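Enquirer: Here it is, the structure, as C-alpha cells.
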Amino acid sequence: MPTVTIAVNGLLDNGEVFFSVNKKNPLTFSLGSSDLPPTVEDALEEMKVGEVRKVKVTAEEGYGARQKDLLQTIESEDLIKKLNPTPGMVISLRADKDGEEQSIPATVIEVNEGSITVDYNHPLAGHNLTYELELLKKE
C-alpha cells in the first residue's frame, strides 16, 4: 500500500472541526494502517498529488450509530469524591472484557448526588463527517 502525506480538516455537519492537520505539520501514514474511515482512504488512493477533495462519511461508515446501551449510571459516592467529575470530562473506567480487565474511556454525561452517568460511545459516533483532504505526497 502507498504511503501518503496529507493536510486534512475533519468537520461535523454543523461545521465544527474535530480534527485538523495543516501543511506545516502534515500527517504521513501507509494506507490501510490509519484510523481514518475506509471511504477516506479509498479517496486518497485515487487522488493525485496536489489534489484537494472533500469526502463525506456517514455515521455508519465512520464511528457507527450511537448506542443507548453504552450509557451507564454508576452509583458510587466514593468514585465521585475521588474523581470530582464534571459533564464532558473523559474518564478511564475499568471493565472486564473476555475475562481480562481493561481501561475503557467514558464521557461523563451527568453528575447527581451519589451517581454519575457515563457514555462509552466514541465521541464521533452518530455523526456524519466531512474530511477536507489535500494530498501532498504519495510514495
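The values are calculated or read from the model by the stated rules, or taken from the named source; none is laboratory data. The structure presented is a predicted model; accordingly, all values stated were derived computationally and were not measured. In this analysis, Cβ positions are derived from the backbone assuming ideal geometry, glycine residues included, and neighbour counts consider all displayed protein chains.
Enquirer: For segment 77-94, give me each residue that is of a type outside the set (D, E, K, R), on the phi < 0 side of the Ramachandran plot and surrounded by fewer than 13 Cβ atoms within 10 Å (Cβ to Cβ).
Expert: Step one: list which residues in segment 77-94 are of a type outside the set (D, E, K, R), which gives 79-80, 83-93.
Those still in the list that are on the phi < 0 side of the Ramachandran plot too: 79-80, 83, 85-87, 89-93.
Once the filter is applied, which keeps residues that are of a type outside the set (D, E, K, R), on the phi < 0 side of the Ramachandran plot and surrounded by fewer than 13 Cβ atoms within 10 Å (Cβ to Cβ), segment 77-94 yields 86, 87, 90, 92.
Enquirer: If we keep just the residues of segment 1-30 that are assigned to a loop (DSSP other than H, G, I, E, B) and touching a Leu at 6+ places or on another chain (Cβ under 6 Å), which is surrounded by the most Cβ atoms within 10 Å (Cβ to Cβ)? Can you show your working first?
Expert: Within segment 1-30, the first condition is being assigned to a loop (DSSP other than H, G, I, E, B), and the residues that meet it are 1-2, 13-16, 22-26.
Filter once more, keeping what is touching a Leu at 6+ places or on another chain (Cβ under 6 Å): 1-2, 26.
Details: 1: 10, 2: 11, 26: 15.
Restricting to residues being assigned to a loop (DSSP other than H, G, I, E, B) and touching a Leu at 6+ places or on another chain (Cβ under 6 Å), the top hit is 26.
Enquirer: Which of the residues that make up segment 29-60 are more than 22 Å from residue 126 (Cβ to Cβ) and of a type in the set (Asp, Glu)?
Expert: 42, 45, 46, 51
Enquirer: Filter segment 38-77 down to the residues that are assigned to a loop (DSSP other than H, G, I, E, B) and of a type in the set (S, T, N, Q), then identify the one that is farthest from residue 128 (Cα to Cα).
Expert: Residues of segment 38-77 assigned to a loop (DSSP other than H, G, I, E, B): 47-51, 58-67, 76.
Adding the requirement that they be of a type in the set (S, T, N, Q) leaves 58, 67, 76.
Numbers: 58: 5, 67: 15, 76: 35 Å.
Restricting to residues being assigned to a loop (DSSP other than H, G, I, E, B) and of a type in the set (S, T, N, Q), the top hit is 76.
Enquirer: Which one of the conditions (1) of a type in the set (Gly, Ala, Ser); (2) assigned to a loop (DSSP other than H, G, I, E, B); (3) over 29 Å from residue 17 (Cβ atoms) does residue 95 fail to meet, given that it meets all the rest?
Expert: Every condition holds for residue 95 apart from (2).
Enquirer: Is it the case, given these coordinates, that residue 26 is under 17 Å from residue 125 (Cα atoms) and in the same structural domain as residue 131 (by TED's automatic domain parsing)?
Expert: Details: under 17 Å from residue 125 (Cα atoms): no; in the same structural domain as residue 131 (by TED's automatic domain parsing): yes.
No: the conditions fail for residue 26.
Enquirer: Let me ask something else about it. Answer yes or no as to whether residue 73 is over 28 Å from residue 10 (Cβ atoms) and either surrounded by 10 or more Cβ atoms within 10 Å (Cβ to Cβ) or not assigned by TED's automatic domain parsing to the domain that holds residue 16 (or both). So that I can check it myself, show each step before the final result.
Expert: Values: over 28 Å from residue 10 (Cβ atoms): yes; either surrounded by 10 or more Cβ atoms within 10 Å (Cβ to Cβ) or not assigned by TED's automatic domain parsing to the domain that holds residue 16 (or both): yes.
Here the answer is yes, as residue 73 does meet what is asked.
Enquirer: Would you mention how many residues in segment 76-114 are farther than 21 Å from residue 66 by Cβ and in contact with an Asp or Glu (Cβ under 7 Å, 6 or more places away or on another chain)?
Expert: The qualifying residues number 2.
Enquirer: Then there is this: Can you confirm whether residue 132 is closer than 28 Å to residue 25 by Cα, surrounded by 10 or more Cβ atoms within 10 Å (Cβ to Cβ) and in contact (Cβ under 8 Å) with a residue 12 or more places away in the chain? Outline the logic, then answer.
Expert: Numbers: closer than 28 Å to residue 25 by Cα: yes; surrounded by 10 or more Cβ atoms within 10 Å (Cβ to Cβ): yes; in contact (Cβ under 8 Å) with a residue 12 or more places away in the chain: yes.
Judged against the criteria, residue 132 is a match.
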